[in-house]
Amino acid sequence: MTAIGSLIFCSDCGNLLEPNVGKKASIECDVCGAQNKDTSSKVVVTTSKPSAFPSTLRTRLRSDVQEITEADMQTDATIKQSCEKCGNEEVRFYTQQLRSADEGSTVFFTCPKCNHKWNTNN
């Protein structure tokens, strides 16, 4: 029997043999009846422990990881623009793409003094 990749051929007549479903020691040829030893490739699965390949970079990354909460993240920026309601000179803003990609983004404003909110489309 000859195996090319995952195809198995009879060593006597060259016929393409059926895959060895039952995992028998030999495969019988449907054309000539010859018994062919199963030499097809077998699947081997290996596993290793995480400590098997030590890495100084991995160790350093584990020790340098910092966790931040949502309260730690600043999502708004400050701009010098007067509030529509109270006239405060500085307001917070952030942008978000709400419309299609070829159109401008929407800018959301919030006054830190009176908490008035409004938005404009760019």
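Since every read-out is calculated from the coordinates, none of them should be taken as a lab result. Bear in mind that the values here come from a model prediction, so they are computed numbers and not experimental data. Cβ atoms come from the backbone with ideal geometry, glycine included; neighbour counts cover every protein chain shown.
Meeting the requirement of 2 or more residues that are of a type in the set (Ser, Thr, Tyr), the strands (runs of 3 or more DSSP E) wholly within segment 76-122 are 90-96, 106-110. Residues in segment 77-102 that are more than 17 Å from residue 114 (Cβ to Cβ) and touching a residue at least 12 places away in the same chain (Cβ under 8 Å): 5 in all.
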